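Below is one structure; the comments refer to it alone.
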Amino acid sequence: MKNELSRRDFVKTSGALVVCFSATSLMEPFATAQGPFDTHPSHIDPEKLDSWLAVAPDGTVTAYTGKCDFGQGMLTVQTQLVAEELRVPVNRVNVIQCDTSVTPDQGTTSGSQSTPTNFNNRNLAQAAATARDALLGMAAQKLGVPADQLTVKDGLVSAKNGRQISYGELIGGKHFDVPVSTTTKRRSPSEWTVLGKPVPSMDRVALMTGAFEFVHNVHVPGMVHGRVVRPPEIGAAVASVDEKSVQHIPGLIKVVVRKNFVGVVADKQWQAAQAAQHLKVAWTPGPGLLPQKNFHDYLRKQPSRDVMLINSNDVDGKLKSASRVLKATYLYPYQAHGSIGSSCAVADVRADHATIWSPTQSVYPTQHGISALTGVPPDKVQVIFVRGSGCYGLNAADTVSYDAALLSQAVHRPVRVQLTRQDEFISENYGAACLIEQQAALDANGAIGVWSCETWAASLGGRPGYEKPGNVITGMLAGFEPEAITPQKAAEPTGELRNGSNAVPSYVVGCINGECGGAGSIRGERVLTHAVKSPFFTGPLRSPLRLQNTFAHECFMDEISASAGADPVAYRLQHLRETRIIDVVKAAAKAANWNSRPSPQRDTPRTGAAPGRGIACVAYEGDNGYAALVAEVEVDQATGRILAKRFIVAHDCGPISNPDGLRNQIEGGVLQGMSRTLGETITWDDHKVTSIDWRTYHTLPLGIEVPVIETVLIDRPTARASGAGETAITLVAAAIGNAIFDATGARVREVPFTPDRVKEALSARAGER
Amino acid sequence: MAAVSLKVNGHVHTVDADPQTPLLYVLSDDLQLRGPKFGCGLGQCGTCTVIIDGRAVRSCVTPVSTVQQQEITTLEGLGTPEKPHAIQQAFMDEGAAQCGFCLSGVMLTAKALLDENPHAPDEQIQKTMSNVLCRCFAHTRMMRAIKRYQRSRA
């Protein structure tokens with residue numbers, strides 16, 4: 001049962017001794033050098049085994065990780081990892097996630113980087129392997145038998161002569177005092193008994209029975225309740241606050257104003273909610289917002305920070321001389337993380353120390369942000385991750401942690417802040433709006449000779465990191481500046497191909513000074529990106545920019561393929577040379593019984609329901625997971641409504657840690673992608689955001705006709721472990737767009753594919769009137 | 001403020017609260033129950049759902065004074081980790097969750113429907129679940145779990 005409880009419960013009930021032992025004895029003064037995780041120096045030295053792992057006298061293993069679980073399954077797979085390497089049952093492993101007092105600084109849990117970081121030959125994986133070898137070494141001494149003649153099962157080391165000794169007896173309650181070995185061998189996937197298996201999620205029983213502690217459930221002695229009052233318009237500033245307007249509210253403790261940050265604290269949550277609602281704040285008006293209709297044109301015209309990712313320097317000439325050139329522009333809106341639970345955090349900020357219970361993805365960066373906001377030194381700020389509702393990126397988790405800290409500091413008591421739904425929608429860092437222009441030229445035999453892509457992405461703020469609390473709304477309201485976009489011309493690309501945002505299509509060779517890192521074969525190539533100042537805060541939202549760029553690339557590939565009169569699968573394969581992306585395309589097509597023919601289908605009637613299929617593929621971040629998706633949809637040509645019937649995903653993330661968890665991520669990613677494709681968009685008027693609740697921001701509820709989702713998992717035991725949480729979602733808009741085209745011959749180039757937009761595209765079909 | 005008496009998961013509790021206080025705040029703050037959660041505060045998403053006299057009710061928009069004489073059941077009132085209720089077991093068997101924040105609304109809404117109409121056709125289940133949101137989009141598994149529960153009580 002221990003694993004079913006949350007970490008706080010665990011610490012409270014059974015693990016305190018182990019936790020304290022590891023926490024206090026490893027506390028050292030802040031290092032001055034850069035930490036080994038490309039992050040920040042921390043007091044917990046990741047090169048020491050004891051920073052990662054402790055074994056209690058009863059043989060229970062406690063592992064400390066800087067990668068936490070928001071529902072994507074990291075708790076379960078990291079438990080499996082430790083259990084596998086140490087050869088103990090999963091129920092004897094407790095994983096402590098993301099707490100600045102005890103876990104190593106692994107930066108932010110994001111970007112599909114947890115598996116690459118902790119499941120290859122370093123960090124948690126290597127620590128667990130080191131611990132196993134260290135324990136075998138100790139056992140060899142005690143039992144007088146060479147280590148290679150010992151076997152381990154369930155934490156019990158056995159010699160052939162029958163003598164046995166347990167991990168608890170060998171090390172229980174004591175430090176290993178050894179460095180994490182860089183050479184100790186991991187257990188080979190062919191030997192796995194725990195990893196690679198569909199172990200059910202460790203938290204399911206607690207979740208299903210209401211025993212699980214979310215950050216919303218944290219209660220601290222003496223805790224009171226805070227609410228915030230956000231500016232009604234973008235860019236509005238506080239002119240005055242009439243504290244008398246809420247003096248009649250019982251239980252009110254304080255009205256807190258810090259520059260443009262306004263909040264209230266009261267004994268009870270309902271009182272705080274009432275006070276926030278009734279507080280009279282005079283705001284200066286904001287500068288106003290551009291009409292949403294013309295927003296993408298605005299993006300194109302702004303000064304921008306430019307990066308040339310790839311340039312064969314022959315693109316303009318080739319486009320000019322080509323017999324057939326295709327052009328298309330794709331638009332993607334701002335979208336919300338829209339976590340189902342509005343964000344919540346608890347803070348207890350005192351004169352010389354602070355404790356924050358936070359749903360943040362970044363406990364160490366948040367430690368520094370809270371320090372900047374409160375003046376409490378960073379090493380006196382403890383940030384403890386407690387799961388919030390699924391975040392899918394930078395939702396309001398960081399900002400609400402700042403809210404709680406500011407309010408707690410003002411009243412010298414622990415304060416819990418619950419954002420309202422409206423607060424959440426106007427407080428978070430949206431997924432970026434993008435404009436993507438594509439051009440391609442076909443050579444004489446119908447192959448693509450040139451692909452040129454230019455992207456514009458709106459950007460303001462982002463992850464606060466260690467230095468930039470102004471990157472989220474509360475930091476900005478309290479007086480910190482968001483990271484600015486300094487306009488900059490693009491230099492010619494040098495070094496390795498960087499495709500972390502999938503701005504470079506899979507079909508180009510990706511050559512920089514003779515080194516070709518692309519997945520494809522097209523030699524005429526140019527990709528130029530522009531970051532443009534956004535009126536709204538932006539930040540990572542599941543598959544940030546990668547989804548937007550892939551939508552444009554994979555739809556454009558379909559357009560080119562149609563123009564060449566080729567089958568979209570065969571035409572993709574013709575331009576790919578990286579085996580792993582080729583394999584997922586083939587696997588998805590096979591599983592979907594893909595009928596090889598060009599799109600659109602011929603002779604489909606232009607009225608009624610039209611069925612179609614579309615494909616899309618991606619090498620996520622260039623090399624962090626591979627997937628292909630076939631979408632089968634039906635287009636109601638009278639209403640413009642899209643009904644998705646079936647999705648087939650082929651997926652390769654290297655060695656699979658947990659096939660059931662992986663399928664869960666793929667299924668959720670596909671449907672979340674479908675929701676984002678069909679209905680989700682932030683809307684605004686001339687001064688403020690108008691998508692502020694579930695009536696104005698459109699998500700697909702549980703009661704939809706849920707499409708069939710089939711997954712083909714390609715296991716590659718010897719490959720590097722790569723990410724899996726964001727691959728499938730990256731493909732959905734493109735695959736649906738291509739299926740609509742296949743069904744009807746209409747191309748929708750702007751997400752979301754609302755019925756109106758689909759009808760418009762249907763009317764624009766050649767010969768339509 | 002006034003003394004408010006509530007019958008929750010078979011136990012009677014008396015708390016001091018403004019009668020207009022949403023039931024959710026009393027359940028989660030005063031009684032420290034973890035099942036019902038604040039999702040939207042507007043009755044739009046379902047995460048705050050409780051069952052009151054057999055009906056699924058959104059506790060975030062229900063004043064506490066209006067439910068004083070009634071039987072209130074939260075997610076933790078269905079079963080325990082050791083002895084889960086059949087619908088909880090069905091969700092475990094299907095692995096029907098990601099973050100799990102929406103589960104209270106999903107399970108209690110489905111349970112209230114199927115308790116009243118055990119043979120509810122798929123269309124009715126769909127219609128009822130159209131007011132419930134899951135942003136991890138664990139829809140496939142959740143709808144399968146609901147059907148599994150329906151079969152288990154047939």
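The values are calculated or read from the model by the stated rules, or taken from the named source; none is laboratory data. These numbers come from a predicted model, not from an experiment. Here the Cβ is made from the backbone with ideal geometry for all residues, glycine too, and neighbour counts use every protein chain on show.
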Any chance residue A:567 is in contact (Cβ under 8 Å) with a residue 24 or more places away in the chain and touching a helix residue (DSSP H, G or I) at 6+ places or on another chain (Cβ under 8 Å): yes
Does segment A:171-190 hold any residues that are closer than 20 Å to residue A:61 by Cα and free of Cβ contacts under 8 Å to residues at least 40 places away in the same chain, and which are they? A:174
Listed residues A:360, A:355; which is away from every other protein chain (no Cβ under 14 Å), surrounded by 19 or more Cβ atoms within 10 Å (Cβ to Cβ) and either under 24 Å from the mean Cα position of the chain (by Cα) or among the aliphatic types (A, V, I, L, M) (or both)? A:360
From A:760, A:705, A:726, which residue is surrounded by fewer than 22 Cβ atoms within 10 Å (Cβ to Cβ), acidic (Asp, Glu) and not in a helix (DSSP H, G or I)? A:705
In segment A:683-718, which residues are in contact with a Leu (Cβ under 8 Å, 6 or more places away or on another chain), aliphatic (A, V, I, L, M) and more than 10 Å from chain B (Cβ to nearest Cβ)? A:713
Residue B:76: passes all of (1) at the interface with chain A (Cβ under 9 Å from one of its Cβ atoms); (2) out of contact with any Pro (no Cβ under 6 Å at 6 or more places or on another chain); (3) buried (at least 21 other Cβ atoms within 10 Å of the Cβ); (4) farther than 18 Å from residue B:146 by Cβ but (3)
Which of the residues belonging to segment A:379-396 are in contact with a Phe, Trp or Tyr (Cβ under 8 Å, 6 or more places away or on another chain) and in a helix (DSSP H, G or I)? A:379
Options B:39, B:46; residue that is in contact (Cβ under 8 Å) with a residue 40 or more places away in the chain, touching a Ser or Thr at 6+ places or on another chain (Cβ under 8 Å) and facing another protein chain (nearest Cβ under 7 Å): B:39
Among the residues of segment A:282-297, is any more than 14 Å from chain B (Cβ to nearest Cβ), surrounded by 14 or more Cβ atoms within 10 Å (Cβ to Cβ), in contact with a Gly (Cβ under 6 Å, 6 or more places away or on another chain) and modelled with pLDDT of 95 or more? no
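Mind counting the residues in segment B:101-120 that are assigned to a loop (DSSP other than H, G, I, E, B), over 13 Å from the mean Cα position of the chain (by Cα) and either facing another protein chain (nearest Cβ under 7 Å) or not small (Gly, Ala, Ser) (or both)? Spell out how you get there, then give the answer.
Our first condition is that a residue be assigned to a loop (DSSP other than H, G, I, E, B); within segment B:101-120, this holds for B:101-102, B:117-120.
Then keep just the ones that are over 13 Å from the mean Cα position of the chain (by Cα); that gives B:117-120.
From the residues that got through so far, the ones that are either facing another protein chain (nearest Cβ under 7 Å) or not small (Gly, Ala, Ser) (or both) too are B:117-119.
Of the residues in segment B:101-120, 3 are assigned to a loop (DSSP other than H, G, I, E, B), over 13 Å from the mean Cα position of the chain (by Cα) and either facing another protein chain (nearest Cβ under 7 Å) or not small (Gly, Ala, Ser) (or both).
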Scope segment B:85-95; condition at the interface with chain A (Cβ under 7 Å from one of its Cβ atoms), part of a helix (DSSP H, G or I) and more than 15 Å from the chain's Cα centre (by Cα); matching residues: B:92
Every listed condition ((1) in a loop (DSSP other than H, G, I, E, B); (2) in contact (Cβ under 8 Å) with a residue 40 or more places away in the chain; (3) within 11 Å of chain B (Cβ to nearest Cβ)) holds for residue A:250 save (2)
Does residue A:256 meet the test of being outside any loop (DSSP other than H, G, I, E, B), outside the structural domain of residue A:72 (by TED's automatic domain parsing) and in contact with a Gly (Cβ under 7 Å, 6 or more places away or on another chain)? yes
Residues in segment A:539-556: is at least one among the aliphatic types (A, V, I, L, M) and at positive phi? yes
Kindly check whether there is at least one residue in segment A:505-513 that is assigned to a loop (DSSP other than H, G, I, E, B) and under 27 Å from residue A:360 (Cα atoms). no
Identify all residues within segment A:188-237 that are among the acidic types (Asp, Glu) and within 11 Å of chain B (Cβ to nearest Cβ); write none if there are none. A:203, A:213
Residue among A:112, A:101 that is at pLDDT below 95 and within 28 Å of residue A:622 (Cα to Cα): A:112
Looking at (1) surrounded by 14 or more Cβ atoms within 10 Å (Cβ to Cβ); (2) within 14 Å of another protein chain (Cβ to nearest Cβ); (3) touching a Lys or Arg at 6+ places or on another chain (Cβ under 9 Å), find the lone condition where residue A:310 falls short. (2)
Could you tell me which of the residues A:733, A:728, A:746, A:721 is within 14 Å of another protein chain (Cβ to nearest Cβ) and either without any contact (Cβ under 8 Å) to a residue 12 or more places away in the chain or touching a helix residue (DSSP H, G or I) at 6+ places or on another chain (Cβ under 8 Å) (or both)? A:728
Only one of A:300, A:305 that is part of a strand (DSSP E or B) and not assigned by TED's automatic domain parsing to the domain that holds residue A:403: A:305
Starting from segment A:656-673, keep only residues that are within 9 Å of another protein chain (Cβ to nearest Cβ), then list their pairs with residues that are at pLDDT below 95 and not in a helix (DSSP H, G or I) whose Cβ atoms are within a distance under 8 Å, requiring at least 6 positions of separation or different chains. none
All-but-one check, residue A:452 against (1) crowded, with 24+ Cβ neighbours inside 10 Å; (2) within 14 Å of chain B (Cβ to nearest Cβ), failing number (2)
For residue B:66, state whether it is more than 9 Å from chain A (Cβ to nearest Cβ), surrounded by fewer than 24 Cβ atoms within 10 Å (Cβ to Cβ), of a type in the set (Ser, Thr, Tyr) and more than 15 Å from the chain's Cα centre (by Cα). yes
Condition met for residue A:738 (assigned to a helix (DSSP H, G or I) and over 29 Å from residue A:124 (Cβ atoms)): yes
Please state which one of B:123, B:82 is of a type in the set (Asp, Glu), free of Cβ contacts under 8 Å to residues at least 40 places away in the same chain, in a loop (DSSP other than H, G, I, E, B) and surrounded by fewer than 19 Cβ atoms within 10 Å (Cβ to Cβ). B:82
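Of A:115, A:79, which residue is in a helix (DSSP H, G or I), touching a Lys or Arg at 6+ places or on another chain (Cβ under 9 Å) and not acidic (Asp, Glu)?
A:115
Looking at segment A:533-578, which of its residues are of a type in the set (S, T, N, Q), surrounded by fewer than 24 Cβ atoms within 10 Å (Cβ to Cβ) and closer than 30 Å to residue A:474 by Cβ?
Of everything in segment A:533-578, just one residue is of a type in the set (S, T, N, Q), surrounded by fewer than 24 Cβ atoms within 10 Å (Cβ to Cβ) and closer than 30 Å to residue A:474 by Cβ, namely A:534.
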Taking first residues from segment B:135-151 that are farther than 18 Å from residue A:389 by Cα and at the interface with chain A (Cβ under 7 Å from one of its Cβ atoms) and second residues anywhere that are of a type in the set (Lys, Arg) and crowded, with 24+ Cβ neighbours inside 10 Å, the pairs with Cβ under 7 Å that are 6 or more apart or on different chains are none
